[in-house]
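J.: I am attaching a structure below and will ask some questions about it afterwards.
The values are calculated or read from the model by the stated rules, or taken from the named source; none is laboratory data. These numbers come from a predicted model, not from an experiment. Methodologically, a virtual Cβ is constructed for each residue, glycine included, from the backbone with ideal geometry; neighbour enumeration extends over all protein chains shown. In case anyone asks, the SASA skips ligands and DNA or RNA and just uses the protein heavy atoms, side chains included. Shrake-Rupley method; radii C 1.70, N 1.55, O 1.52, S 1.80 Å.
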Amino acid sequence: MSTRFVILGGGPAGNIAATTAARLGAEVTMIERDVVGGAAHLWDCIPSKSMIATGRAISRTRAIGGMGLADVDTAVDVGTLTNRIEWIKNTMSGNTTSLLESQGVRMVRGTGRFTSSHSVAVEGLDGLETIEFDTALVSTGSRPRIPEWCEPDGDRILTTRDCYPPRIFPESVTVVGSGVTGVEFVHMFSSFGAKVTLVVSRQQVLPGKDPEVAAVLEEEFMRRGVKLLMGARAESMERTDDGVVVHCDDGRSVRSTHAVLAIGSIPNTEDIGLDAAGVEVDQWGYVGINNHCVTNVPHIYAAGDISGKLPLSSVASMQGRKVAEHLMGGHTRSHRHLDYDKAASAIFTEPEIADVGLAEAEAFSSGRKIRVTKVPFSSTAKAMINNDTTGFVKIISDPATGEVLGGSIVGRQAAELISVIAVAVTAGLTVTDLAESILVHPALSEALSEAAE
């Protein structure tokens, strides 16, 4: 008899777990209440990156004179952009659905709630259905966090999810939150011509990142005319006839036509019956897991944003794969635990920012000896050809063994280039391995081998 595997939530973690487990012989049922592919993924990540890509095209077109070309019109067709975003979302969701169906996964549309440690009730369009299972995965995702001092109205005071598909582009906007999501929105809105103010509660944007990396982005923002309110924490928002006033705890205030909250997310773990299943959550609502993504209930797994690990689609997808392998006995063979410290991440601003592994500041604070090498893109031929020499490649290695421990990249295509360092970190390669690789010329990747020398 095959394993009855039930999945709550069809985002990256859920759908990868479903297809992998089904391929390995499990009887899989997926329950999804919103959209196959994941609400946070298809309603937040994909639309924002689509708009950022359009904004990047605008920025580069405005600088086209440096490439020996005449200026061209960069006016935005909101309708066409909206249709493009919807097409990408629908195509991705459709492709995911087709893949699940091809693997024999049964999909149930509705809201699922555990009624015991081996059953879940689904409330859908066809009424109430109870599904018995042997093993379950909870991957219900997250939603934008809304502080008590603010009430988004979807018109002037917006959460990140209210920003797309775009109805209009604001004349001016105040972004609250200087983490990854916040700086991406600053880049996006400034690219579309808005006057942008960023409320920064610390003394640098991206407080968890390398200060040298953050400084490059701050310089670019100021070059664009973005106003940075350093050391200011938003504490209230006031809706006016023609906009919003954001009040900060140091007495400063900012007026703009719109305001966007980008202060993180909260897990969707309430009202899904976790207590009935015996699954424990912490004070913030996250589900604790072990190396195999197993909760305190041995036959119930958790993955994705609700697990409290890195809130990245790539991490969720890998967790889903690991869950399926563990469920079907794959861990009894050669099996590598998911190492969250070696997950690559990227920020889709301009310039792009990407990093992986050990950070320079983290190493110094812990007293670990490291070797840091840095090469600016201004020294590479391809960057000059692209008329964009902003940024650098930084590689962190062990001074005794040469093992690559981490790295940061700032500049064009950083999200693509970081993959080379990510593979080196995961595989335990050395700087010699990178330096002796014969790469393409001319290419931005040459800076990687140069930084490894």
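J.: Mind telling me which of the residues A136, A121 ends up being under 25 Å from W284 (Cβ atoms), of a type in the set (A, V, I, L, M, F, W, C) and modelled with pLDDT of 95 or more? Even if it seems obvious, please write down each step before you answer.
T.: On the way: A121 fails: under 25 Å from W284 (Cβ atoms).
Result of the check over A136, A121: A136.
J.: Of everything in segment 279-295, what is open to solvent by 20 Å² or more (accessible area, probe 1.4 Å) and within 17 Å of T140 (Cβ to Cβ)? Give them in sequence order.
T.: Answer for segment 279-295, where residues must be open to solvent by 20 Å² or more (accessible area, probe 1.4 Å) and within 17 Å of T140 (Cβ to Cβ): E280, V281, D282, W284, Y286, G288, I289.
J.: Can you find a residue that is touching a helix residue (DSSP H, G or I) at 6+ places or on another chain (Cβ under 6 Å) and closer than 25 Å to I157 by Cβ anywhere in segment 242-261?
T.: Yes, segment 242-261 contains at least one residue that is touching a helix residue (DSSP H, G or I) at 6+ places or on another chain (Cβ under 6 Å) and closer than 25 Å to I157 by Cβ.
J.: What are the pairs with Cβ atoms under 8 angstrom where one residue, in segment 365-378, is in contact (Cβ under 8 Å) with a residue 40 or more places away in the chain and the other, located anywhere, is surrounded by fewer than 16 Cβ atoms within 10 Å (Cβ to Cβ) and of a type in the set (D, E, K, R)? Sequence gap at least six, or different chains.
T.: T373/E453
J.: Give me the pairs: first residue in segment 229-253 and of a type in the set (S, T, N, Q), second residue assigned to a loop (DSSP other than H, G, I, E, B), beta-carbon distance under 7 Å, and six or more apart or on different chains, which are they?
T.: Sorted first by the residue in segment 229-253, then by its partner, the pairs are S236/W149.
J.: Which condition number in (1) in a helix (DSSP H, G or I); (2) modelled with pLDDT of 95 or more; (3) more than 18 Å from L8 (Cα to Cα) is the one that Q283 fails?
T.: Against the list (1) in a helix (DSSP H, G or I); (2) modelled with pLDDT of 95 or more; (3) more than 18 Å from L8 (Cα to Cα), Q283 comes up short only on (1).
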